[in-house]
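Here the structure is laid out as structure tokens; the discussion comes afterwards.
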């Protein structure tokens, strides 16, 4: 016993270090004082003791004395008592000693010097002791961890690496008492608890053993990455189940280390009901499951037996990734891109055979964890093997540095030496994975060594090559992004031509027209986009910038080539992209119209045209091309190009495609969409071959493909989480793009006729136009593509643009016939449709029209026809008042000896000395700042609120901090706030065009409440005397039954009469009626906007106080200061209150935004910050 204690003392220092590393050392508690006998402490717990590679006690019941025993009672001197009396793990260990070895044996069997337990019985034999309670590692010492009735306490001796970074793990079965039928596979789940600091649980690679009463192994199985194993026991009976595992490291005896603390379980095997061959095969197929195969990185366990003697044989579609070796699918991760492998199980018994397929995504490996050069733009990605670097003139050598990925043993770099000679630099990555080498770009004689290819090759378990194509070039600085009302061919990156602005719906007038003045067959009037308050078109062999107010050409630049029959130009990050007749794309600076570069001619380079819209996303453009043939005889493809101006001195440098995909029939008049699903991004496009494909943006790999009926000559639209596609065969499809890139049909419908138009999706309805020759249609469907209404017309109609600013929905479109008129259709909530001619070109202006309708933020309509004219249209806009509420009685006016001047004409507004006129019993008229409509959920469909709640969860779990919602429903249901409350730091922002409402998760006080989102400006209900208190004011209302879910922050576009005020404050309407201005809410102002909070629903007055005498003003200031949030001072409108500091980051991407110390206006919306495209 003395020798054992000496051994414990030698190990105590090492054990103490381990405890410090694990965070298990805590301050000792105070000593229990007092001599009074304490009773009622009796309890029964289970003690498990596992030695290194052996079991001492599988699980022994220990009943603790009812009369409390201190450590001193057990003879453990110098161990501090718990702060409060109660049994700890150490108490249980001491009681075990007394019950098993006799009274007074605890001091000899437990080493607890200074209160830290470093030895127990003859343990540790290997490295150190660890302690667990109910499978969880202790965060305090054994002398401090209190125990409760029924606890499982584990004392385990584990192996650990020399640096204590990893070691043995505690094993336990998810079910300790398992059952199975004889001859059938039993699924066993092994769990592990890591015992080293920051080490992850690893249940894979363990051997599950089933033993009979004689401790003979009757069945074995190996655990996969998920800890699952399958075993088959042939005979009925009772069995024990354990597991073991060794690693490639050595223990103290020089053997491979046991790194799994032995788990224990039982398996009861029953005879089971005899099945026929067919029944056994069928049940085996139904039960066969390999778990989650979406991110495979480790070997898979493949069961070889099923129900009652059925045999399972496995095959792999790619043996280079998953090789079948008995019951193991040996995984070899590919270098670069992930790879999908199909595993097929053939299940057989007797003459019965069936099969089942599983798709496994094997995660690819990178060659390097990082790879850099000191010049050029190099962004290393594991799926890309070739990069082009542009290095400025004068740079003589290029430095290449990086870190090899685990599994790379050698890195070889083929570079140029100082004399210009080719040479190979070798790096032993197994010794040091980091490297830095040089390649000379100019030799000693000054001769240029570029263009030059630097090849970097890796060898070992992870092998592959990366090639750097080095060229001379001086990249330009990124351009500033510009506000854009209509930056893409169909408005936004989702190709969904739906906006919420006030537009003419009755009478319209021509504001200006602008002529092509060239060949009307090429470029026609141009297909405009609206950027930076200018109109851009490609026509007359030029890219032109037009004044939005007059139509005059402000700037123009000659195109390198003519456009095709038409040119769908696009905007992105300060650049304009123009498709040309040969399929290439020319890029221009949007502010100066300076040419930046031209893409190379795609495909074979002969006879192609750029007749598809340009899709811009994340620094690349994607554009389809065609030879212009009919479906079935056309040819072409789709190409991707980087948009960085790599040689700023060269206005027409040639940029080659990142990738070029050819489908055999081409892409004519279609448009791609950039869509994200989970962590994955895709480019989705449809072609003349009648296929919709999803492509990986970085390398052009096709991830999904779906055939539809008919050629696709329209843009793919993304809206409400789905893709929408129409075809020339008169079909419309709702498609579901999955996270792996696969595409599935969610719904489809027949259209009245063929179409080349793109769908528009808004508020749960789908709008589509089309036709042929002298007939056309406008159809309305619900979002499951059930037809709601169809109106036939006498001419083919072009792609619709939908306005959602009013109670009714307005749909704008043009016709493919003379005179090329502009139409608007009114669609009511009951799906009644009325079509009205809004504008008809006359004389030389009349001609066929192929254009869609473009609408600016101010409601101006732009479109063109084959007369070569581009038209700008404005007109009368509807006024849609809300139902008038019951009026409150107005007080009788008191005669004023000094009557006020004429009243202000502004509704709901007043200025000092200009009070509103009361005409009899005038009722307040509510004017909504924006009318919004609730998209209600129907049977089997989700409401907008449910979609928003899901988007909050999805964005928050991706690490994002806010979600911006446009097309805001009138009522947000409680589901939204229940979800928002789960993410305290997440902000929900409702972009209602002329105002925003926002609420943060931490501010949600009542998740069961809903929120009405309609802020209305009211006609004044103040008397003359009440109005005199203010220099100017506006009455507002945000009303609903019940309370708000929490504090709502409002950013409000100020009416004209309040914009010049130096300071505004917000008052409750009821307090103003009582002439009590003490309850004030502070307001932050800047650039025509105000920001404030509303804590309760109701009526408010936003006002600037009238001039006061000094004493009155001082008294008021004191009153207001007493109501300010703590830590703030009221000084000026530049003040930044605490709620603004919390919300400022949320509002940065809105049309009405907030800077850190005030409000700013920004029309840019970032796609990743928004729920809808």
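Each reported figure results from applying straightforward, stated rules to the coordinates on display, with no laboratory input. Everything numeric in this text was worked out from a predicted model, so none of it was measured. Quick reminder, even Gly has a Cβ in these numbers, built from the backbone with ideal geometry, and neighbours come from all protein chains shown.
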Exercise for the section: Apply 1/(1 + (r/R0)^6) to the Cβ-Cβ distance of residue 1056 and residue 148, taking R0 = 56 Å, and write down the FRET efficiency to the nearest 0.05. Expected result: 0.20
Fill in the blank from the handout: Note: the range 536-596, point scatterers on Cα, Debye, no solvent; log10 I/I(0) at q = 0.25 Å⁻¹ equals -1.04
Fill in the blank from the handout: With a ≥ b ≥ c from the Cα gyration tensor eigenvalues, square-rooted, and the rule rounded for a/c under 1.5, otherwise prolate when a/b > b/c and oblate otherwise, the range 698-776 is prolate
Practice task
For residue 266 and residue 554, compute 0.36 nm times the residue count separating them, minus their Cα-Cα distance, and round to one decimal in nm.
Solution key: 95.2 nm
Problem - Förster radius 25 Å - calculated FRET efficiency between residue 736 and residue 320, Cβ distance, rounded to 0.05 - result: 0.20
Problem - Ordering of 196-206, 531-541 by packing [mean C-beta count within 10 Å, highest first] - result: 531-541, 196-206
Fill in the blank from the handout: The Kirkwood hydrodynamic radius of the range 638-695, taken as the inverse of the mean 1/r over all distinct Cα pairs, in Å, comes to 13.4 Å
Practice task
Please arrange 355, 238, 758, 118 by counting, for each residue, the other beta carbons lying within 10 Å of its beta carbon, fewest first.
Solution key: 238, 355, 118, 758
Fill in the blank from the handout: Counted neighbours (other Cβ, 10 Å), sorted fewest up, put 137, 320 in the order 320, 137
Exercise for the section: Mind giving me the FRET efficiency for residue 414 and residue 287? R0 is 56 Å, r the Cβ-Cβ distance, nearest 0.05 is fine. Expected result: 0.55
Practice task
Give me Rg over Rh for the range 368-472, both radii from the alpha carbons and Rh done the Kirkwood way, two decimal places.
Solution key: 0.97
Practice task
Answer rounded, prolate or oblate for the range 185-310, using the Cα gyration tensor with square roots of eigenvalues a ≥ b ≥ c: rounded when a/c is under 1.5, else prolate when a/b is larger than b/c, else oblate.
Solution key: oblate
Exercise for the section: Determine the distance separating the Cα centre of the range 731-768 from the Cα centre of the range 941-997; give it in Å without decimals. Expected result: 25 Å
Fill in the blank from the handout: Rounded to whole angstrom, the alpha-carbon centroid of the range 827-875 lies from that of the range 782-798 at a distance of 18 Å
Problem - Computed over the range 1004-1068, Kirkwood Rh from alpha-carbon pairs, angstrom - result: 14.1 Å
Handout entry: Proxy reagent accessibility, fewest Cβ within 10 Å first, across 1018, 274, 93
Key = 274, 1018, 93
Handout entry: Gained length - residue 594 relative to residue 961, 0.36 nm times residue gap less alpha-carbon distance
Key = 128.3 nm
Handout entry: Potential lengthening between residue 199 and residue 834 on full extension [0.36 nm per residue; Cα-Cα distance subtracted]
Key = 221.9 nm
